[in-house]
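Okay, so here's the structure we're looking at.
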Amino acid sequence: MPLTPETLPRHELVGLDCEVVSASNPDVVGISGTVVMETTQMLTLEGADRVWHVPKDSATFAFDLSTETVLVDGDRLVARPARRTENTGDSLWR
Amino acid sequence: MRREVPDPFPLVKQLQGGIFWLFTKFPNYDLTSASSFGRHFPDADTVPPMTDEATIARERIERLQSLAREAVQAGNEERARSYVRRARRVAERHRLRLPRSFERSTCDACDTYLLHGHNARSRTQSGHVVITCDCGSQSRYPYD
């Protein structure tokens with residue numbers, strides 16, 4: 001199950017090229033760069049000369065996959081990075 | 001003379017009664033795929049198809065490993081540490097074993113990604129290899 005548009009919200013975001021398409025804060029719209037770090041609430045994008053911290057909530061991101069561009073509503077990404085992959089409540093162990 | 005014989009397995013009877021009660025309560029319960037109670041009801045078609053999270057987690061670990069290597073090569077050791085820690089956390093959450101190459105090329109003490117000749121020294125001894133990280137901690141593994 002490689003990185004596809006369907007699996008992207010549960011997959012690793014670090015290393016992907018990303019652009020902020022829309023956001024409640026007009027200053028962050030248009031930021032583009034490589035994702036270098038992720039926290040629960042933030043994505044860290046590294047551009048040519050600086051690093052931005054963009055809140056995931058209230059923003060829409062366009063991720064560049066090799067073949068296509070995927071638009072993701074930032075709300076879907078708000079989670080602890082290692083927990084994002086889990087099928088919530090479907091664990092066999094709980 | 002007739003005597004009342006006590007039931008030798010009263011518990012079995014009780015259990016059977018309990019299972020029968022479950023069937024009357026949940027007639028659609030799919031026993032063939034039952035691994036945990038409360039799921040696998042055939043009429044639950046509102047639930048989206050499950051993605052294989054273990055596969056995604058394995059791919060994440062692989063990706064983070066190569067990202068950590070690139071970060072060390074670019075001189076960004078602190079970033080490599082955070083990638084290694086993230087990969088360990090993903091493996092922990094999904095009960096996956098880390099790949100052997102990952103275990104051997106990361107420092108157990110400071111979590112950095114080890115590049116031989118860059119931030120790690122490798123010395124061969126009789127029967128095993130000793131890797132010394134720049135932080136001073138050593139790890140060993142046998143000849144394969």
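The values are calculated or read from the model by the stated rules, or taken from the named source; none is laboratory data. The shown structure was predicted, so the numbers you read here are calculated from the model rather than taken from an experiment. Note: ideal-geometry Cβ built from the backbone for every residue, glycine included; neighbour counts use all protein chains shown.
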> A:Thr44 is checked against (1) surrounded by 14 or more Cβ atoms within 10 Å (Cβ to Cβ); (2) under 22 Å from B:Ala87 (Cα atoms); (3) more than 10 Å from the chain's Cα centre (by Cα) and fails just one. What number does that condition carry?
Replying inline: (3)
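Kindly provide the set of residues from region B:74-118 that are aromatic (Phe, Trp, Tyr) and more than 13 Å from B:Arg58 (Cα to Cα), ordered by number. Step through it out loud before you land on a result.
Quick first cut of region B:74-118, residues aromatic (Phe, Trp, Tyr) only: B:83, B:102, B:113.
Within region B:74-118, B:Tyr83, B:Tyr113 meet the criteria.
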> Under 8 Å by Cβ, and 6 or more places apart or on different chains, what pairs join a residue from region B:114-126 that is in the same structural domain as B:Arg69 (by TED's automatic domain parsing) with one that is assigned to a loop (DSSP other than H, G, I, E, B)?
Replying inline: B:Leu114/B:Ser105; B:Leu114/B:Cys107; B:Leu115/B:Ser105; B:Asn119/B:Thr112; B:Asn119/B:Asp134; B:Ala120/B:Cys107; B:Ala120/B:Leu114; B:Ala120/B:Asp134
>> Quick check on my filter: what residues within region B:75-95 are more than 11 Å from chain A (Cβ to nearest Cβ) and surrounded by fewer than 17 Cβ atoms within 10 Å (Cβ to Cβ)?
In response: B:Gly75
> Any residue at all in region A:25-32 that is free of Cβ contacts under 8 Å to residues at least 12 places away in the same chain and crowded, with 16+ Cβ neighbours inside 10 Å?
Replying inline: no
